[in-house]
Amino acid sequence: MSLASAALLPDALAPLQFPVDLQLTPEQFAAVCAANPEAVLELSADGHLIHMTPTGGETGARNSVLVVLLGLAVRTSGLSLKLFDSSTGFRLPDGSVLSPDASLVRLERWQALTAAQRRGFPPLCPNLVVELASPSDEGPRGLEALRQKMAAYQANGAQLGWLLIPEQQAVEIWGASGGLQRIEAAKELRGGNLFPGLRIDLQEIWQG
């Protein structure tokens, strides 16, 4: 099956259908995404497509709050960081293309990219990544799948990762050195020495 025929959508509501053994390069993946702009897709390091389902209402609302609060936190901190929302796919060093729910890239790294690199999937791993778990532990937005993504970000050079678990009001903090810390009844997040002055109050996110 050609990429062109595999990427066709019979109508606006039809799901994407791909061969289970289909493997794509990042460039082919970009072409599939361009042909299917309404689809929410990621690419694994071994070239397999990950079809992300749309978020539910609660998760979508929480994600909107997350991006707003993170943007305000960056502005308050005075740090030179570029904020990205969940629609941004990053081409990681291992060849995967993943889209964190929210992410921050140090401004000098972003400015070092060419115009073409900025328009496409930026070829870098964000410095800080945030993922928001859905109520279900199943599928690509479930807790176990997101833990695998956090491990991938960690392995590809992310300095800090925050995995938010609203149902438990808990946060898993993934450090650059392979460390993992879990905070129960979490009330706020701080960037620590890596991102001094960066602080987010979690109460509004937990409320949904």
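No value in this document is a laboratory result; all are computed from the given coordinates. Note that the structure is a prediction, hence the values are computed from the model and not measured. Cβ atoms come from the backbone with ideal geometry, glycine included; neighbour counts cover every protein chain shown.
Among Asp85, Asp21, Asp46, which one moves the most in a GNM of the chain with springs linking Cα atoms closer than 10 Å?
Looking only at Asp85, Asp21, Asp46, the largest GNM fluctuation is found for Asp21.
Helix check for the chain. Which DSSP H runs span at least 24 Å along their own axis by Cα, with a mean Kyte-Doolittle hydropathy no less than 1.0?
Helices passing the filter in the chain: none found.
Within the chain, which is the longest segment that contains none of the GluC sites (Glu not before Pro) sitting in a DSSP loop with at most 12 other Cβ atoms within 10 Å?
Between exposed loop sites, the widest span is 39-137.
State, to one decimal in nm, how far the label point of Glu204 lies from the label point of Thr88, with both points 7 Å from Cα in the Cβ direction.
2.0
In whole Hz and in residue order, list the ³J(HN,Hα) couplings for the range 188-195 that follow from phi through the Karplus curve 6.51 cos²θ - 1.76 cosθ + 1.60, θ = phi - 60°; x for Gly and Pro.
3J(HN,Hα) across the range 188-195, in whole Hz: 7, 10, 10, x, x, 5, 6, 9.
With labels modelled as points extended 7 Å from the Cα through the Cβ direction, what inter-label distance (nm, one decimal) is found for Arg118 paired with Arg75?
Distance between the two pseudo-spin positions: 2.1 nm.
How are the C-alpha pair distances of the chain spread across 10 Å bins, as whole percents from the shortest bin up?
8, 34, 36, 18, 4, 0
With unit charges on the beta carbons (Lys and Arg positive, Asp and Glu negative) and the dipole taken about the Cα centre of the chain, which residue among Trp110, Ala170, Pro135 sits farthest to the positive side?
Going by the charge dipole, the pick is Trp110.
At q = 0.18, 0.20, 0.21 Å⁻¹, work out log10 I(q)/I(0) for the range 95-208 with the Debye formula, treating every Cα as an identical point scatterer and leaving solvent out; two decimals please.
Each listed q maps to, in turn, -0.95, -1.13, -1.22.
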